[in-house]
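The values are calculated or read from the model by the stated rules, or taken from the named source; none is laboratory data. These numbers come from a predicted model, not from an experiment. Positions of Cβ are backbone-derived with ideal geometry, glycine not excepted, and every protein chain shown enters the neighbour counts. With ligands, DNA and RNA removed, areas are computed over all heavy atoms of the protein, side chains included. Shrake-Rupley method; radii C 1.70, N 1.55, O 1.52, S 1.80 Å.
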There are 2 protein chains.
Amino acid sequence: MAVTSEPDPTGGRPVVPGRGALRPLGLGEVRLTGGFWAGRQEVNGTATLDHGRAWMDKLGWTGHFETTARGLTAEPGERRGREFTDSEVYKLMEAMAWEIGRTGDGDRAAELAELTALVAAAQDPDGYLNTAFGGRGQRPRYSDLAGGHELYCTGHLLQAAVAAARTAGRHGQDSLPGVARRAADHVCDAFGPHGIPAVCGHPEIEPALVELARVTGEQRYLDQAALFVRRRGHRSLPETRFGWSYFQDDVPVRRAEVLRGHAVRALYLSCGAVDLAVETGDDELLGAVAAQFARTLERRTYLTGGMGSRHTDEAFGEDFVLPADRAYSETCAGVATVMLAWRLLLATGEVGYADVIERVLYNVVATSIGDDGRSFFYANTLHQRERAEPAPADREQPQFAAGGRVPWFEVSCCLPNLARLLAGLGCYLATVDGDRVQLHQYADAVVRTRLDDGRAVGLRVRTDYPDGGTVAVRVTETTGGPWALALRVPAWAEGALLDGRPAAPGTAVVRRAFAVGDEVRLELPTSPRWTFPDPRIDGVRGCAAVERGPVVLCAESAGEDGADLDALTVDVSTPPQDTPDGVAVCGRFTAPADGGWPYRSTPAPPAGEAVDPIRLVAYHRWARRGPSTMRVWLPHT
Amino acid sequence: MAVTSEPDPTGGRPVVPGRGALRPLGLGEVRLTGGFWAGRQEVNGTATLDHGRAWMDKLGWTGHFETTARGLTAEPGERRGREFTDSEVYKLMEAMAWEIGRTGDGDRAAELAELTALVAAAQDPDGYLNTAFGGRGQRPRYSDLAGGHELYCTGHLLQAAVAAARTAGRHGQDSLPGVARRAADHVCDAFGPHGIPAVCGHPEIEPALVELARVTGEQRYLDQAALFVRRRGHRSLPETRFGWSYFQDDVPVRRAEVLRGHAVRALYLSCGAVDLAVETGDDELLGAVAAQFARTLERRTYLTGGMGSRHTDEAFGEDFVLPADRAYSETCAGVATVMLAWRLLLATGEVGYADVIERVLYNVVATSIGDDGRSFFYANTLHQRERAEPAPADREQPQFAAGGRVPWFEVSCCLPNLARLLAGLGCYLATVDGDRVQLHQYADAVVRTRLDDGRAVGLRVRTDYPDGGTVAVRVTETTGGPWALALRVPAWAEGALLDGRPAAPGTAVVRRAFAVGDEVRLELPTSPRWTFPDPRIDGVRGCAAVERGPVVLCAESAGEDGADLDALTVDVSTPPQDTPDGVAVCGRFTAPADGGWPYRSTPAPPAGEAVDPIRLVAYHRWARRGPSTMRVWLPHT
């Protein structure tokens, strides 16, 4: 069965809605050329992909496909890795596809072809494909929908195939979409209106089916996605010890008021619901998810944009339960938040979603990756109280490991999830709507695209963002007549200037008949600033944080003679200051009387001497110089 | 093999050290006659024990012994309940033994004899006894020391036998000690100096072996306990995803600085270490555990005395990580804290340990049991943000269930643990040292004992504690000559009076030649008082709690029109007031602007009208009138 669509002429885009407020641009239209993210994208392509592949080979995760293809299975109970390791291989393949789309790297294309052949060989004649179920001595297909992750794995297979199909013009990769179509057809047969009336415990198949429908034009996939979304929320899955909300089976998607349960599951499901709503014109569903996400941002999100405060079930807590020192803020939830916010941005054009993406990118995504591209945080705490022992580099770590980035986790979804996001990151910078080009994220970049009327437009963006706030956009190509450049002014950027004139937070638009060489200049104020939490967030009451531009800062104490951050109190009457050594705040180290019962009849008196300015560093830089203690939220007088 | 010791002439005591500062009294010497705890003890004897038995029968936990006795096993993977269900049966048997010792109830004695026969029949000829391992199709004996709980179960068997032996004078129960001796001999054979060089993942065998050594005089049991304590802390168990600290295998017992890891495990191990230190005269070990416990109380304990802030691994968090809204504060950790504090009190005579016991009894133990004795909290949060749906009464609940007491948990250690503590609770009221009688806890009670020189002493205690603070101790028996009555003045009781004279917190002693009818009168101030947390406890910064006597209070909001406790701010400039309707504080309900990102450039301004006095209730009373929201820590201006 052939893929019906042509390769995406834009060079490949992660999300291609059939309608919406904004049109996304592809890897052939936007290219990061330098600065904060280009470096990370480079490391991703040169180090992270190979690192992931090497570990997946070493741990036998790629080998499972070979075993399955040969009709063999490991002894029951002896299969290496968790039951969803296939999905990690697929996410890595998706990352490779975007990377190939970005760079045209032939070696990587050969590697992806090799992996595709490996995967294809493991597919059953009826399209079923999973190395953990259905084989000899394994549990039967679909015998554990709540925990087995079969459709979740299939979803990631479909996503990898969508990426391959959309970037096929760059590397001639087309057999993966064929595998995916057979797998999707099987899912439709097995779970269609007359099939198993159930959903998977881990949402993911929903957005994947819609995206595959977009690539293939196959209505059946869209219908199946709609069926899955409609089925969820009726408690058809067995109750977990965390309740039905764990996998969002407590309340139907369009009736829920807020995201809840396992954060990544909730966010992936929301992505699928938005995709579906966009393709079917279901504005009620779109509005429901938008309202849930808004309430989640208002009550269940960390300052960093991180989501999920519970370690136990990797879940959202109740409203305002956002303790800094047990923040889970899972890396994959950060990736999924970008995915959801991007879909909502494209659907609605509301610039606040781009603010969310910026916040998550600089404070969750950038935090979770080591400089070497070979070490990761699974969870991203906002407060590290004890210096962690460095983890051994030669074996996988539990996801609860904290305090230092590690090479691999037993559940290692963070690596390929980060990799697929970073490889395609250029696509999140700009969009087009009619005769307007929107710039959502600021980085050194080149943009070459067409307005809806077909006119070519070229832009070169130069900035030292986020260190500095000046963004210079030069027109490099234009074919005459007026058009508009719309620049996001972040919500935090009170006092911004566009070409010298005040620009309120939101969108600043310049519309004119641009000439080649014209430059538009946005000045965003990046003085560090105090930020205070809603008083209902118990975990950080009486504290303030410092932000600078889009970057959340933290106090960090490394080395044996490091300061005792438990004893720090800052003075918020003085603004934080940019200094040559970084951002400085005034404060003191108190010395609470040690010993004795810690609950007293009078509040602890203010104590301690004012100290030299306390230096803060970017939160995403923490733990890069070895074990340290750290806190984002600083108690204030 | 016969039990060598005579039945305990005191009527039975939970801990009988060979030496120490204070001599514990038995169930024949101290009897609760009314008030706060006598009622709960009665409910325990009449409802809780039967409730526990009925569920253990219904779920097949008692039936496992019968199955094992018949040489059968459930199909692998089909055995009902977790692998440690035997231990729950043993804890219930221990509770029955203390209850029989307390009441002489013949029916209960017959039931215990029946259970004993059931258990005895399941014992292998070599003394091994476990219904989850070693049978046909089951995992082999000791094949999973980290997670299998085999020695943990054996430990509880021994503890039940110790209770039976010590109360044997009251009910003629002696075959359980025989079973326990065979089991202990087997453990010594299997894990002795030439046996398996390992420890159990869940400490418990350690205190059990020492206690059995105390009952039997068997040195070998003491030596084996010493070996187990010495072996732990060398990372001989496989690492868990929570690290070795989870089961205290990270640092040797005598080198540790604080309790860490799984709270119940840490506390049980500490009990064993104290027991061992006392019997072997190892003051270094005793001092090490005392120092660890002191630091734990200073940095890792909730206001309620609850321990363990992490749900994920039921563990202590780092120092000062004590969020109220995710407090785990496991019921069994409360029971274990009483066990450890009691051992340290007996060993050292330091009255602060009795303060700890009081705090835990009134605020963890009393909280965790429903009025009907048939419903329980597994975890005891200090802040309930959402009203919970009532749990179905007909099936077991996950231990993460919150917001309401439930009849049974999948892991249901809280019930029998509470039952064994409550049945023997009278023993924790008083001790003797030379010619001094110490009263540690205040309740309507009669005490009849002998001083160390043999003189008989009788006391009748009358009090409305903890509602009121007057404790009247009347001498009902004395044989002439001076002796002393030592009354604990709790650390919170500044301004206490003993017979009208100021008595500082600590111990107040009256020494004279008492006559029958003499009365000593202690007046403890029970005005409600504000309590403030150490500023390093992030989770409750800027909050105050109210305590009244030994009781922690809380704000509770029940019903649909209940107040929004998220919006409450109290005024700590006014002391809390006793009123006819309970304790009242002044405050206001603020109404934070809803909507939008919850992190702002200025702190939320004080808002809201002052409201009528806000009523507080005893924390242990919360959630007794149906689902509610609740908070112990109240944000203050």
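Data for the structure
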{"quantity": "Size of electric dipole in segment B:1-153: Cβ of Lys, Arg +1 and of Asp, Glu -1, about Cα centre, debye, nearest 20", "calculated": "360 debye"}
{"quantity": "Label 7 Å beyond Cα on the Cβ vector: B:Ala291 copy-to-copy distances, nm", "calculated": "6.0"}
{"quantity": "Cα-centre dipole for segment A:91-240 with unit charges at Cβ (Lys and Arg positive, Asp and Glu negative), debye to 20", "calculated": "340 debye"}
{"quantity": "Listed residues B:Thr167, B:Pro140, B:Pro193: farthest to the positive end of the dipole of segment B:43-231 (Cβ charges)", "calculated": "B:Pro193"}
{"quantity": "A:Ile196 accessible area, 1.4 Å probe, all protein chains in place, Å² to nearest 10", "calculated": "60 Å²"}
{"quantity": "Helix-only mean residue ellipticity at 222 nm for the protein assembly as shown, each DSSP H run of n ≥ 4 adding -39500 (n - 2.57), per residue, nearest 500", "calculated": "-9500 deg cm²/dmol"}
{"quantity": "Kirkwood Rh in Å, taken over the protein assembly as shown so that all alpha-carbon pairs contribute", "calculated": "33.1 Å"}
{"quantity": "Mean Cβ neighbour count within 10 Å, used as a protection proxy, ranking A:229-242, B:358-371, A:386-399 highest first", "calculated": "B:358-371, A:229-242, A:386-399"}
{"quantity": "Phi-based couplings in Hz for segment B:135-146 (Karplus 6.51, -1.76, 1.60; Gly and Pro marked x)", "calculated": "x, 4, x, 8, 5, x, 3, 6, 8, 9, 5, 5"}
{"quantity": "Heavy-atom accessible surface of segment A:196-318: percent carbon and sulfur, 1.4 Å", "calculated": "48 percent"}
{"quantity": "For segment A:42-83: accessible area per residue (Å², 1.4 Å)", "calculated": "49 Å²"}
{"quantity": "List of segment A:550-592 residues, accessible area with partners at least 30 Å² below that of the chain alone (1.4 Å probe)", "calculated": "A:Asp566, A:Pro592"}
{"quantity": "Extension reserve of the B:Glu66-B:Asp372 stretch, reckoned as 0.36 nm per residue once the Cα distance is removed", "calculated": "107.1 nm"}
{"quantity": "Accessible-area value, A:Ser245, 1.4 Å probe, nucleic acids and ligands omitted, Å²", "calculated": "40 Å²"}
{"quantity": "Amide hydrogen neighbours beyond the local backbone of A:His149, cut-off 5 Å, H modeled", "calculated": "A:Gly201, A:His202"}
{"quantity": "Amide H within-cut-off set for A:Gly20, under 5 Å, with H built and near neighbours excluded", "calculated": "none"}
{"quantity": "Solvent-accessible surface (1.4 angstrom probe) belonging to A:Trp244, in square angstrom, nearest 10", "calculated": "50 Å²"}
{"quantity": "Convex hull (Cα only) mean projected area of segment A:441-537, reported in nm² to one decimal", "calculated": "7.6 nm²"}
{"quantity": "Inter-copy separations for B:Glu477, label at 7 Å along Cα-Cβ, nm, ascending", "calculated": "10.4"}
{"quantity": "Farthest toward positive dipole pole in the protein assembly as shown [+1 Lys/Arg, -1 Asp/Glu at C-beta], among B:Ala117, A:Ala563, A:Gln397", "calculated": "A:Ala563"}
{"quantity": "1.4 Å probe, heavy atoms, protein only - residues of segment B:392-433 losing at least 40 Å² accessible area vs chain alone", "calculated": "B:Phe400"}
{"quantity": "Inter-chain Cβ neighbour average for residues B:536-545, partner chain, 10 Å", "calculated": "6"}
{"quantity": "Carbon and sulfur %, accessible surface of segment A:384-478 computed with the full protein complex present, 1.4 Å", "calculated": "42 percent"}
{"quantity": "Taking chain B and dividing mean pair separation by its residue count, relative contact order in percent (alpha carbons under 8 Å, at least six apart)", "calculated": "13 percent"}
{"quantity": "Residues A:Glu477 and A:Glu410, FRET efficiency given R0 of 56 Å [Cβ-Cβ distance, rounded to 0.05]", "calculated": "0.70"}
{"quantity": "Two-decimal log10 I(q)/I(0) for chain B, as the Debye equation yields it once each C-alpha is a single scatterer, q = 0.09, 0.12 Å⁻¹", "calculated": "-0.73, -1.28"}
{"quantity": "Point-charge dipole on Cβ atoms (K/R +1, D/E -1) for the protein assembly as shown, about Cα centre, debye to 20", "calculated": "360 debye"}
{"quantity": "Shielded by partner chains, segment B:325-343 residues - at least 30 Å² of accessible area, 1.4 Å probe, vs chain alone", "calculated": "B:Asp325, B:Arg326"}
{"quantity": "Extent along principal axes [Cα atoms of segment A:512-637; Å; largest to smallest]", "calculated": "73, 34, 23"}
{"quantity": "Accessible area expressed per residue, segment B:529-635, with surrounding protein chains retained (probe 1.4 Å, Å²)", "calculated": "41 Å²"}
{"quantity": "Nearest-first distances (nm) between copies at A:Pro502, label 7 Å from Cα via Cβ", "calculated": "6.5"}
{"quantity": "Carbon + sulfur, % of accessible area of segment B:529-635 - ligands and nucleic acids excluded, 1.4 Å", "calculated": "54 percent"}
{"quantity": "Proximal lysines relative to B:Lys91, as straight alpha-carbon distance under 25 Å, when same-chain residues fewer than 8 apart are discounted", "calculated": "B:Lys58"}
{"quantity": "Axial C-alpha extent at least 15 Å, average Kyte-Doolittle at least 1.0 - helices from chain A (DSSP)", "calculated": "A:263-280, A:331-348"}
{"quantity": "Selected from B:His51, B:Gly18, B:Leu259, residue furthest toward positive end of dipole (the protein assembly as shown; charges at beta carbon)", "calculated": "B:Leu259"}
{"quantity": "Inter-chain shielding of A:314-323 (mean C-beta neighbours from other protein chains, 10 Å cut-off)", "calculated": "4"}
{"quantity": "For the pair A and B, total buried accessible area rounded to nearest 100 Å², probe 1.4 Å", "calculated": "5200 Å²"}
{"quantity": "Value of relative contact order over segment A:227-320, rounded to a whole percent, pairs C-alpha under 8 Å and six or more apart", "calculated": "26 percent"}
{"quantity": "For segment A:430-523: accessible area per residue (Å², 1.4 Å)", "calculated": "40 Å²"}
